[in-house]
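The values are calculated or read from the model by the stated rules, or taken from the named source; none is laboratory data. Bear in mind the structure is a predicted one, so any value in this text is a computation, not a measurement. Every residue, glycine as well, gets a Cβ built from its backbone with ideal geometry; the counts of neighbours run over all protein chains shown. We work out accessible area using only protein heavy atoms, side chains counted, and drop any ligands, DNA or RNA first. Shrake-Rupley method; radii C 1.70, N 1.55, O 1.52, S 1.80 Å.
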Amino acid sequence: MAELQFFTGTMDSGKSTLALQTNHNHAARGRSGRIFTTHDRTGQAQVSSRLGLTHDAIEVEADFDFWRYVVDSLTQGARIDYLVCDEAQFYTRAQIDQLAKLVDELQIDVFAFGILTDFRTALFEGSQRLVELADRMNVLQVEALCWCGKRATHNARTENGVMVTEGEVIVVGDVEEQDRGPAGDANVAYEVLCRQHHRRHLTAARAKAVSLAPEPLPFG
């Protein structure tokens, strides 16, 4: 029986690497699949991992219809046994419903990969719907670590080195990289933190700055 599986973890936990490995494993067994992504860090129509692995993919725009794409492909004689869907947190609710329909009606396996919450600690639309519909939800076993060494559970966004909790939900960036944001001159980057340090807005750079600050001179 086909399944809708959701693989999730924080940034830097190996989701895209696992997506590419999943595709490789199924293709090696003679199965035919399609790879999808959206807003990948390297640009459109490509799945990339931080280990340097890449694979061409189909870009999922806001109006993309998974059901129509698959039905049209099958009608034209294509074979599709499974779908690998990276960056699934950015998919719309309707698109996740389409993926579930493909599993139920056409018995096509769907492997979706994405992070649960955004930099504000709010659920992404696509991830929320996957939690609601997935046959299986898998938390990745490769744990990303906060700068303090604890397990990272939250994704933080920084602008010009300062952690922010407001702004556009989708701004493409990467951990340990600086990217020009769409709003102007802000340098946007991401960092994974434990809940405690996310709540305190204490990034690695800020923690280092605090530790290097000179102690106040005693009076008297």
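Computed quantities for the displayed model
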| quantity | calculated |
| --- | --- |
| Residue match in region 48-56 (condition: assigned to a loop (DSSP other than H, G, I, E, B), in contact with a helix residue (DSSP H, G or I) (Cβ under 8 Å, 6 or more places away or on another chain) and among the charged types (D, E, K, R)) | yes |
| Selection within region 99-154 - small (Gly, Ala, Ser) and either crowded, with 17+ Cβ neighbours inside 10 Å or touching a Phe, Trp or Tyr at 6+ places or on another chain (Cβ under 6 Å) (or both) | Ala100, Ala112, Gly114, Gly126, Ser127, Ala134, Ala144, Ala152 |
| Residues satisfying the stated conditions in region 158-179, i.e. in contact with a helix residue (DSSP H, G or I) (Cβ under 8 Å, 6 or more places away or on another chain) and modelled with pLDDT under 80 | Ile170 |
| Where Arg31 falls short, out of the listed (1) assigned to a strand (DSSP E or B); (2) among the basic types (Lys, Arg); (3) farther than 19 Å from Gly126 by Cβ | (1) |
| Given (1) part of a loop (DSSP other than H, G, I, E, B); (2) open to solvent by less than 30 Å² (accessible area, probe 1.4 Å); (3) in contact (Cβ under 8 Å) with a residue 60 or more places away in the chain, number of the condition Asn23 does not satisfy | (1) |
| Qualifying residues in region 10-26 (those that are in contact with a Phe, Trp or Tyr (Cβ under 9 Å, 6 or more places away or on another chain) and not acidic (Asp, Glu)) - the one farthest from Ala122 (Cα to Cα) | His26 |
| Condition met for Asp63 (closer than 19 Å to Thr37 by Cβ, free of Cβ contacts under 8 Å to residues at least 60 places away in the same chain and within 15 Å of the chain's Cα centre (by Cα)) | no |
| Pair list, Cβ under 9 Å, 6 or more apart: region 74-102 residue more than 11 Å from Gly114 (Cα to Cα) and among the hydroxyl-bearing types (Ser, Thr, Tyr), other residue open to solvent by less than 10 Å² (accessible area, probe 1.4 Å) and assigned to a helix (DSSP H, G or I) | Thr92/Gly126 |
| Unmet criterion (only one of (1) at pLDDT 85 or above; (2) open to solvent by 20 Å² or more (accessible area, probe 1.4 Å); (3) of a type in the set (Ser, Thr, Tyr)) for Thr54 | (1) |
| Flag if Leu202 is under 26 Å from Gln21 (Cα atoms), at pLDDT 90 or above, open to solvent by 20 Å² or more (accessible area, probe 1.4 Å) and not polar (S, T, N, Q) | no |
| Close pairs from region 1-15: first part of a strand (DSSP E or B), partner open to solvent by 20 Å² or more (accessible area, probe 1.4 Å) and among the acidic types (Asp, Glu), Cβ under 7 Å, at least 6 apart | Leu4/Asp135; Gln5/Asp135 |
| Residues being in a loop (DSSP other than H, G, I, E, B) and without any contact (Cβ under 8 Å) to a residue 40 or more places away in the chain - total across region 128-147 | 1 |
| Residue list for region 155-171, filter: assigned to a strand (DSSP E or B) and either open to solvent by less than 40 Å² (accessible area, probe 1.4 Å) or under 13 Å from Arg199 (Cα atoms) (or both) | Asn155, Ala156, Arg157, Thr158, Met163, Val164 |
| Whichever residue in region 64-98 is aromatic (Phe, Trp, Tyr) and more than 23 Å from Asn25 (Cα to Cα) and, among such residues, is surrounded by the most Cβ atoms within 10 Å (Cβ to Cβ) | Tyr91 |
| Filtered residue count, region 72-106, keeping only those that are small (Gly, Ala, Ser) and in a loop (DSSP other than H, G, I, E, B) | 2 |
